[in-house]
Structures are given as structure tokens and as C-alpha cells.
């Protein structure tokens, strides 16, 4: 049960990080869509995952 709660907390934090990033990045028109894949990526990898998504977005994927 602790493991499930731990991952649930990470996913919530990942969604919050994406939402906060999108609030800031909306001025520069480089937002990242909030969906299952992006929340999982940021939830598991934290800030490096967010950085990877930003790099993928700017490269053109």
C-alpha cells in the first residue's frame, strides 16, 4: 500500500510540475500537453524528465 501511495504522489507532483511549467511557458508558446505519457515521464524522472520533454518539444517531436 505504501508503494502505491508513493507512486500516486509522484504522479500528482508530476502533473503539478507540468501545469506550473505550462503557466510560465505559455508566454513563450512552448507548452507541453498534459496527458498520461507526460505525467508518467515527469512523475518517474522528476526534473530531468521535464527537461527531456522540453528538449523534445523544442527539437520538434
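The values are calculated or read from the model by the stated rules, or taken from the named source; none is laboratory data. Please read these numbers as outputs of a predicted model, since none were measured by experiment.
Can you find, within the range 13-29, the residue that is farthest from the chain's Cα centre (by Cα) among those that are part of a helix (DSSP H, G or I) and within 18 Å of residue 59 (Cα to Cα)? Result: 25. In this structure, is residue 32 at pLDDT 90 or above and in a loop (DSSP other than H, G, I, E, B)? So residue 32 fits the description; yes.
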